[in-house]
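Below is one structure; the comments refer to it alone.
Any read-out appearing in this document is the output of simple, stated calculations on the displayed coordinates, not a laboratory observation. Treat the numbers as computed from the prediction; the structure is a model and nothing was measured. No Cβ is skipped: glycine too gets one built from the backbone with ideal geometry, and neighbour counts run over all protein chains shown.
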Amino acid sequence: MTYVIAGSCVKDDSCIEVCPVDCIHPKPGAPDFDVAEQLYIDPAVCIDCDACVEACPVDAIFPDFDTPEKFDYALDLNAEFFAERSTAERTAA
Amino acid sequence: MPQARVAIVGAGPAGAFAAASLRRAAGAVEIDFFERLPTPWGLLRGGVAPDHQEIKRLEDTFHRQTLARGVRFLGHVDVGVDLSHAELMRHYTAVVYATGAQTDKSLGIPGEELPGSWAATEFVAWYNGHPDYRDLEFDLSGQRAVVIGNGNVAADVTRILTLPIAELERTDVADHALETLRESKIEEVVVLGRRGPAQAAFTSAELRDLGRLDGVDVVVHRDEVQLDPISRQWLEEEGTFTARKNVALLREFADREPSPDARQRITLRFLRSPVAIEGTDRVEAIEIRRNQIERDDEGTLRARPADAPAETIACSLVLRSVGYRAVPLPDVPFDERHFVLPNEGGRVLGPDGTAVPGVYAVGWIKRGPTGILGTNKRDAEETVAALVEDLRGGALPEPEQPGREAIDALLAERQPDHVTVEGWRAIDAHERTQAEDRPRVKLTTRDELLERARSG
């Protein structure tokens with residue numbers, strides 16, 4: 001179970017401020033923050049707590065089981081962002 | 001010392017984030033928005049595409065964090081015309097400019113001034129019901145439109161030209177635009193990108209949307225999504241997550257077969273620049289040439305003209321979207337090279353490079369036209385931190401006329417029709433109640449807006 005962020009994200013980072021497990025990235029100040037088109041939730045870390053959904057000013061966050069059809073790509077996209085990130089981190093290390 | 005008072009010029013997203021941030025950082029400071037239009041929230045109302053209503057929900061947050069917390073709205077007041085910068089400085093402890101980037105860059109090619117050739121932002125302002133653009137007449141009676149540019153505005157105008165009318169009817173698109181779009185005869189929208197697929201500035205979300213429009217084929221030529229060696233290396237070594245997604249999406253588009261019952265077609269062309277717009281009395285065609293990607297001395301990938309014959313595309317409408325520029329504000333320093341207010345962390349600098357006490361900038365007029373809505377939040381926090389530091393450090397002298405009554409008296413004289421928060425609430429409530437299956441039905445002339453505001 002996880003939440004996912006859809007393409008209507010405006011990157012205002014209200015979700016990052018409230019996430020108790022720090023699973024939303026990239027964070028302001030991270031090297032990939034400015035170029036990111038949206039924020040993503042790491043499905044391996046998300047504890048399904050709902051705090052980000054409440055905080056999002058544009059309702060861009062959905063539970064994985066209830067994502068609108070137009071955002072059906074979002075679950076894979078969020079997961080892929082972290083899969084690539086960990087590859088990049090491994091390569092850099 | 002009496003209560004500090006701050007004027008924010010421009011009630012768009014940058015101004016709204018600045019007011020909200022200042023409210024949080026220094027709750028007792030009095031804040032007034034000065035806005036040229038009778039309505040607040042700038043590009044959230046007049047720029048964000050009508051089919052992206054979810055993004056427009058940000059207006060609720062803006063309202064809650066500013067107007068509902070005592071920030072005053074003074075709309076239909078043009079700073080530089082109705083009130084001068086010097087007058088604001090006489091009445092406020094600090095003035096924050098949040099005026100955005102109001103003009104578009106031109107292509108600098110022959111024929112650009114022909115009827116039928118427009119800035120995409122004019123089309124955007126028209127379909128979003130901006131009162132200064134509602135009387136523009138877009139001729140959609142031809143079969144092909146050409147959109148120049150690969151950013152989010154290019155994606156928006158392409159989508160608005162191809163969205164099923166039934167979907168558009170459920171949005172807050174301006175009624176005059178809905179009428180014109182309903183009669184549109186445009187069958188194909190060709191989108192030209194100067195650089196290649198790996199460098200396209202679309203977000204992958206925007207690109208994906210173009211490929212999912214009901215009854216619309218998206219066409220990409222296979223040879224134009226083959227990456228040249230320089231772009232391939234760049235994508236592997238430095239490419240962003242979005243750039244890799246875009247290339248994958250474009251390859252998927254290139255593999256699609258045309259649908260026999262498609263209503264319209266979007267053709268995405270890459271490595272193509274316009275050379276001239278042709279036509280006798282109006283736009284009839286556009287001449288384009290091929291580019292190739294080269295790496296310049298600084299390592300940046302650039303499009304350079306390739307040795308190839310020019311190509312002519314017949315079209316009746318050209319919308320250019322190749323960047324924006326701020327315009328200078330009367331009596332405020334301006335950086336003519338970068339088209340921003342010269343500033344350091346939001347403190348506006350004078351010709352000698354030192355900060356002009358009490359003058360700040362936020363948003364596009366501060367950093368140039370980059371980033372998305374949320375980018376303004378951190379930008380605003382930086383400017384507000386500087387302002388609060390100056391305020392608490394005693395760097396801001398008390399203005400000559402620090403009371404609210406003085407500015408109100410001046411406003412009553414200069415712009416007696418100015419719109420207050422009550423006026424805006426009356427406009428907002430009216431627009432929402434007029435709508436049945438729509439989020440709102442916009443009032444689109446100043447007269448209608450002002451008349452409704454007076455009823456509030």
*Flagged links, alpha-carbon separation over 25 Å, of A:Lys27/B:Lys245; B:Lys56/B:Lys366; B:Lys105/B:Lys366; A:Lys11/B:Lys442; A:Lys27/B:Lys377*: A:Lys11/B:Lys442
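Stretched out fully, how many nm does the piece from B:Glu179 to B:Glu238 gain, at 0.36 nm a residue minus the Cα gap?
Result for the pair: 16.7 nm of gain on full extension.
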*asked:* Rounded to the nearest 20 debye, what is the charge dipole size of segment B:356-410 about its Cα centre when +1 sits on each Lys and Arg Cβ and -1 on each Asp and Glu Cβ?
replied: 340
*FRET E, pair B:Arg404, B:Arg90, Förster distance 22 Å, beta-carbon r, rounded to 0.05*: 0.95
*Please work out whether the protein assembly as shown counts as rounded, prolate or oblate from its C-alpha gyration tensor, where a ≥ b ≥ c are the square roots of the eigenvalues and a/c under 1.5 means rounded, while otherwise a/b larger than b/c means prolate and anything else oblate?*
prolate
_B:Asp352/B:Gln3 FRET efficiency (R0 30 Å; Cβ-Cβ; nearest 0.05)_ = 0.45
*Taking chain A as the reference, fit the longest principal axis to its C-alpha atoms, fit the long axis of helix A:74-92 to the helix C-alpha atoms, and give the angle between the two in degrees, 0 to 90, nearest 10.*
20
*So what's the angle, to the nearest 10 degrees on a 0 to 90 scale, between helix B:421-434 and the longest Cα principal axis of chain B?*
40
_Distance between modelled label sites at A:Val35 and B:Ser106, nm, 7 Å Cα→Cβ extension_ = 3.4
*Can you tell me the dipole magnitude for segment B:256-346 around its Cα centre, using point charges on the Cβ only (Lys, Arg +1; Asp, Glu -1), in Debye to the nearest 20?*
440
*Along Cα→Cβ, 7 Å out, is where each label goes; now give me the distance between the ones at A:Asp22 and B:Ala412 in nm to one decimal.*
5.7
*According to a simple spin-label model (label point 7 Å from Cα along Cα-to-Cβ), what is the distance in nm between B:Ser455 and B:Arg295?*
6.4
*Averaged over A:46-57, how many beta carbons belonging to a partner chain fall within 10 Å of each residue's beta carbon?*
1
*asked:* Given Cβ point charges of +1 (Lys, Arg) and -1 (Asp, Glu) and nothing else, what value in debye, to the nearest 20, does the dipole of the protein assembly as shown about its Cα centre take?
replied: 420
*For B:Asp408, B:Asp447, what ranking results if the residue with the fewest other Cβ atoms within 10 Å of its Cβ goes first?*
B:Asp447, B:Asp408
*Can you put B:Lys105, A:Lys11, B:Lys366 in order of Cβ neighbours within 10 angstrom, beginning with the fewest?*
B:Lys105, A:Lys11, B:Lys366
*How many percent of DSSP beta bridges within chain B run antiparallel, rounded to 5?*
35
*Exposure proxy check: A:Tyr3, B:Tyr133 ranked by fewest other beta carbons within 10 Å?*
B:Tyr133, A:Tyr3
*asked:* If a paramagnetic tag sat 7 Å from the Cα of B:Arg282 along the Cα-Cβ line, which residues of segment B:304-319 would have the backbone N under 16 Å from that point?
replied: B:314-319
*To the nearest Å, what is the center-to-center distance of segment B:410-443 and segment B:13-81, using C-alpha atoms only?*
14
*Would you mind giving the mean number of other chain beta-carbons within 10 Å of the Cβ of each residue in A:2-14, as a whole number?*
5
*For B:275-288, mean number of other protein chain Cβ atoms within 10 Å*: 0
*asked:* Between segment B:213-247 and segment B:300-365, how far is it from one alpha carbon centroid to the other, in angstrom?
replied: 27
*Determine which residues of segment B:261-304 fall in the zone a paramagnetic label at B:Asp223 would reach in this model, i.e. backbone nitrogen under 13 Å from the point 7 Å along Cα→Cβ.*
B:270, B:290-291
*Out of the DSSP beta bridges found with both residues in the protein assembly as shown, what percent are antiparallel (nearest 5)?*
40
